[in-house]
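Take a look at the structure set out below.
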């Protein structure tokens, strides 16, 4: 099992298995960050990943998650782009809409 060393703000230097880390790579510019869950305190934090780190992490078989800001191209056919107004309306209604919360609680995680 491969172990990684990093620093948790609460616990200091920690070692953790690669299974507790997800490498998130932006499809737009190929930048990367590591999303880490501390095995000591359980807090989640993010660390920047430069090109050399990305290559090393891929070599040890880390889980990879690709994402895009949406600026790389048009929205998928039939789906309108999400506007700032849509996001604000979602934020306002998030705590009020019990149907939405029931739906989100039922999603696989």
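The values are calculated or read from the model by the stated rules, or taken from the named source; none is laboratory data. Here the structure is a predicted model, which is why all the values come from computation and not from measurement. In this analysis, Cβ positions are derived from the backbone assuming ideal geometry, glycine residues included, and neighbour counts consider all displayed protein chains.
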- Task: Name, by its number, the condition in (1) exposed (fewer than 12 other Cβ atoms within 10 Å of the Cβ); (2) touching a helix residue (DSSP H, G or I) at 6+ places or on another chain (Cβ under 8 Å) that does not hold for residue 15.
- Result: (2)
- Message: modelled with pLDDT of 80 or more and in contact with a helix residue (DSSP H, G or I) (Cβ under 7 Å, 6 or more places away or on another chain): is that true of residue 54 in this structure?
- Response: no
- If we keep just the residues of the range 62-109 that are under 15 Å from residue 32 (Cα atoms) and assigned to a loop (DSSP other than H, G, I, E, B), which is modelled with the highest pLDDT? 62
- Task: For residues that are without any contact (Cβ under 8 Å) to a residue 24 or more places away in the chain and either part of a strand (DSSP E or B) or on the phi > 0 side of the Ramachandran plot (or both), tally how many sit in the range 16-29.
- Result: 2
- The correct count of residues that are modelled with pLDDT of 90 or more and either outside any strand (DSSP E or B) or touching a helix residue (DSSP H, G or I) at 6+ places or on another chain (Cβ under 7 Å) (or both) in the range 1-12 is 3
- Filter result (part of a strand (DSSP E or B) and without any contact (Cβ under 8 Å) to a residue 40 or more places away in the chain) within the range 30-54: 32, 33, 34, 35, 36, 37, 44, 45, 46, 48, 49
- Item | Cβ pairs under 6 Å, 6+ apart, first in the range 55-67 and closer than 13 Å to residue 31 by Cβ, second in a loop (DSSP other than H, G, I, E, B) | 66/27
